[in-house]
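K.L.:
This is the structure, below, for whatever I ask next.
The values are calculated or read from the model by the stated rules, or taken from the named source; none is laboratory data. Fair warning: this is a prediction, and the values are worked out from it, not measured in the lab. Cβ coordinates were reconstructed from backbone atoms using ideal geometry, including for glycine residues, and neighbour counts include every protein chain displayed.
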Amino acid sequence: MDKIFISIRGVAEKLGVSEKTIYRMVSDNQIPFAVKIGGQWRFKADEVVDWIDSQRPGAAAPRKKTDYRISLVEALENGAVLYRIHGGNRDEIIDELLAAHPYSANFDARRIKISLLSRESVASSSMDGIAWMWPDPALPVYLEKSMVILAFLENPVDFRALDSRRTELLFLVLPANNTELAILERKLWRLSMSAVFLKGIREQLTRKKLLEFIAVQEALFFKQGPSA
């Protein structure tokens, strides 16, 4: 039996997370090849072991050089602004976003999705119709350069938000390292408190006008950081 199946505990140990996290991920259908045997979850070893190993924390090293002046506009230019994203649920939305990523270097869509859903399984990042998504620190994912994807959904989707409001748009942050993630996270957090910023984002301006608008809003709140 042990040679054929991996237990919840085995998956948790390989991923470096708690068993509770694995249970949440299984409940949300975030981990493939899960089957119930005798009332307990098991994972087919011959189908899932490579997948488990690919999710192990530290599989991708962060970029050592940090851009302390990273701006939201720059990260969006590295990433994308996407309109009319289709999908009937959160998983489908994420799949479509990752399928439309701007470049492929060091981009493991499956690993990114697992990390995103791991964080979402703790508590939805969506509030007031906007999701603010980035990888789970327990399952870090790093790219060659930090990017932000801003996506407008074709129809509001249930992201299991605490306020029960369906998600209409989302910001997805995919960092090069933890410092740049923290910088972009804090900038988005501050901008999210601005009624002017939220109103402008919801208008779904063209990409050029949207970046110009965000650049102006960003300049109102933030000064240039120290040189890298």
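K.L.:
For the range 179-205, how many residues meet the condition of being of a type in the set (Gly, Ala, Ser) and part of a helix (DSSP H, G or I)?
P.N.:
3
K.L.:
Residues being acidic (Asp, Glu) and modelled with pLDDT of 75 or more: count how many of those fall in the range 12-46. Explain how you work it out, then say what you get.
P.N.:
Taking the range 12-46 and keeping what is acidic (Asp, Glu), we get 13, 19, 28, 46.
With modelled with pLDDT of 75 or more added as a condition, the list becomes 19.
Count: 1.
K.L.:
How many residues does the range 171-228 hold that are under 24 Å from Glu154 (Cα atoms) and of a type in the set (Val, Ile, Thr)? Give the derivation first.
P.N.:
Start the filter on the range 171-228 by keeping residues that are under 24 Å from Glu154 (Cα atoms), which leaves 171-174, 188, 191-192, 195-214.
Applying the additional criterion that residues be of a type in the set (Val, Ile, Thr) yields 173, 196, 201, 206, 214.
Total meeting the criteria: 5.
K.L.:
Being modelled with pLDDT under 90 and surrounded by fewer than 12 Cβ atoms within 10 Å (Cβ to Cβ) is the filter; apply it to the range 47-87 and report the residue that is nearest to Leu220 (Cα to Cα).
P.N.:
Here the answer is Lys65.
K.L.:
Please name all residue pairs, on different chains or six or more residues apart, with Cβ atoms under 9 Å, provided the first residue is in the range 178-195 and is surrounded by 14 or more Cβ atoms within 10 Å (Cβ to Cβ) and the second residue is part of a helix (DSSP H, G or I) and of a type in the set (D, E, K, R).
P.N.:
Lys187/Glu218; Leu191/Glu218
K.L.:
Take the residues in the range 122-147 that are surrounded by fewer than 19 Cβ atoms within 10 Å (Cβ to Cβ) and of a type in the set (A, V, I, L, M, F, W, C); name whichever of them is modelled with the lowest pLDDT.
P.N.:
Among residues in the range 122-147 that are surrounded by fewer than 19 Cβ atoms within 10 Å (Cβ to Cβ) and of a type in the set (A, V, I, L, M, F, W, C), the one modelled with the lowest pLDDT is Ala138.
K.L.:
Identify, please: which residue in the range 148-165 is touching a Leu at 6+ places or on another chain (Cβ under 7 Å) and buried (at least 19 other Cβ atoms within 10 Å of the Cβ) and is, among those, nearest to Asn78 (Cα to Cα)?
P.N.:
Residues of the range 148-165 touching a Leu at 6+ places or on another chain (Cβ under 7 Å): 148-153.
From what's left, buried (at least 19 other Cβ atoms within 10 Å of the Cβ): 148-151, 153.
Values: Val148: 7, Ile149: 9, Leu150: 11, Ala151: 14, Leu153: 20 Å.
Only one residue tops the list, namely Val148.
K.L.:
Can you tell me which of Arg110, Arg119 is buried (at least 17 other Cβ atoms within 10 Å of the Cβ) and not in a loop (DSSP other than H, G, I, E, B)?
P.N.:
Arg119
K.L.:
Ok, one more. When you go through (1) surrounded by 14 or more Cβ atoms within 10 Å (Cβ to Cβ); (2) basic (Lys, Arg); (3) modelled with pLDDT under 90 one by one for Arg9, which number turns out not to apply?
P.N.:
Looking at each condition in turn, Arg9 falls short on (1).
K.L.:
Within the range 197-206, does at least one residue satisfy the condition of being in contact (Cβ under 8 Å) with a residue 24 or more places away in the chain and farther than 24 Å from Arg90 by Cβ?
P.N.:
no
K.L.:
Any idea which of Ala215, Ala176 is at pLDDT below 95 and either part of a helix (DSSP H, G or I) or assigned by TED's automatic domain parsing to the domain that holds Pro135 (or both)?
P.N.:
Ala176
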